[in-house]
Amino acid sequence: MRGPIFLSILLCSATNGSVHAQTVLDGAYIREHVRTQRPLPYTHLREADVQWHRRVWRVIDLREKINLPLYYPLVPNNGRSSLFDVIKRGLEEGAISAFDPGVLLKDDDFRRPMMRDEVSSVLHGIDSTWTNSLTDPDSNILVVSETDVATEEVLQYKLKEDWHFDKQRGKVDIRIIGIAPMKQVTSDDGEVIGAAPLFWLYFPELRYYLANEEVQISGNVAQRISFEELFAKRRFSSYVTEVSNVYDRSLPEYQIGVEALLSGERIKHDLFSHEHDLWNW
């Protein structure tokens with residue numbers, strides 16, 4: 001009897017030959033842990049307690065294996081999205097703010113918030129190309145098309161962070177101040193010549209939005225954490241491109257190739273060993 005009763009329920013719910021969509025649970029349990037959590041507040045820090053402080057800029061390359069959870073999936077599915085898709089959704093919803101990187105794309109001081117239409121023009125650009133006319137092969141016509149920034153185009157993120165020694169707690173603390181998605185820049189010949197920031201995001205604001213977005217870090221689906229946890233636990237790989245210095249210049253400005261990478265690794269080693277050195281006398 002259960003079969004005919006169930007069939008009659010479906011037939012009763014049909015309208016104009018279609019069945020109304022029903023809410024179903026895609027899984028064995030309801031995933032609600034990440035969706036309802038909040039990031040831990042930062043420890044209060046007084047200027048008088050900062051004994052040592054350095055500002056560091058670093059780049060996360062999503063082509064490294066450990067960083068792949070930030071890059072995939074390329075298309076949102078099963079409650080998962082790439083970091084760039086999460087950021088785009090937050091900007092379109094108005095939940096987070098974007099800041100202009102300036103004309104030279106070097107401004108990371110969060111001085112000018114971008115308007116909604118400015119952000120939209122960055123994410124949804126317009127491209128125009130000349131092509132042969134279908135009616136007249138001897139003439140060309142201008143074709144205008146929309147060129148949305150896709151997830152696969154963002155292969156790097158630039159971080160701006162502060163390292164400081166809190167003498168009250170006796171430890172070195174790291175706080176991410178800003179993050180910028182980097183899009184590859186190509187020449188007229190299609191050759192990749194570098195990467196440039198699309199905009200800057202103020203991380204203390206962004207972390208509250210990332211706290212409710214899942215990221216899968218292994219094959220075990222039950223081990224999903226939030227993007228905010230991933231950054232808080234430093235579960236990513238990166239290389240240093242600049243550290244606060246007298247000359248106010250980055251490593252690529254006076255070093256190239258392997259030399260710049262080695263200098264970045266030396267700076268990382270010095271930063272991590274600084275806390276140990278403070279306790280040796």
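The values are calculated or read from the model by the stated rules, or taken from the named source; none is laboratory data. Note that the structure is a prediction, hence the values are computed from the model and not measured. Note that we place each Cβ from the backbone using ideal geometry, even for glycine, and neighbour counts take in every protein chain shown. In case anyone asks, the SASA skips ligands and DNA or RNA and just uses the protein heavy atoms, side chains included. Shrake-Rupley method; radii C 1.70, N 1.55, O 1.52, S 1.80 Å.
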For Lys183, list long-range residues whose amide hydrogen, built 1.01 Å from N in the peptide plane, is under 5 Å from its own amide hydrogen. Ala196, Leu198
Give me the accessible area per residue for the chain, probe 1.4 Å, as a whole number in Å². 63
What list of ³J(HN,Hα) couplings, whole Hz, do you get for region 40-46 from phi and the Karplus terms 6.51, -1.76, 1.60, once you set θ to phi - 60° and write x for glycine and proline? 5, x, 5, 5, 4, 10, 9
Taking the dipole about the Cα centre of the chain, with the C-beta of Lys and Arg at +1 and of Asp and Glu at -1, give me whichever of Val172, Ala150, Ser244 is farthest to the positive side. Val172
Full extension between Asn220 and Tyr72 adds, at 0.36 nm per residue less the Cα distance, a length in nm of 51.7 nm
For region 16-98, what percent of Cα pairs sit more than 17 Å apart? 75
In the Gaussian network model of the chain, springs joining C-alpha atoms below 10 Å, which of Arg235, Arg169, Arg111 carries the largest mean-square fluctuation? Arg169
For region 122-281, the accessible surface attributable to carbon and sulfur atoms (probe 1.4 angstrom, ligands and nucleic acids excluded) amounts in percent to 51
At 0.36 nm per residue, and after removing the present C-alpha to C-alpha distance, how many nm does the segment from Thr186 to Ser250 gain when stretched out fully? 20.8 nm
Expected 222 nm ellipticity per residue - DSSP helices of 4 or more, -39500 (n - 2.57), all of the chain, to 500: -7500 deg cm²/dmol
About its Cα centre, what dipole magnitude does the chain give when the only charges are +1 on Lys and Arg Cβ and -1 on Asp and Glu Cβ, stated in debye to the nearest 20? 1480
Scan the chain and note any complete DSSP helix (H) whose C-alpha atoms cover at least 18 Å along its axis and whose Kyte-Doolittle average is 1.0 or more. none
If you average the C-alpha positions of region 184-203 and of region 44-99 separately, how far apart do those two centres end up, in angstrom? 17
Each label point is 7 Å from the Cα along the Cα-to-Cβ direction; what then is the distance between the points at Asp136 and Val149, in nm? 3.9
In the Gaussian network model of the chain, springs joining C-alpha atoms below 10 Å, which of Leu62, Leu210, Leu105 carries the largest mean-square fluctuation? Leu105
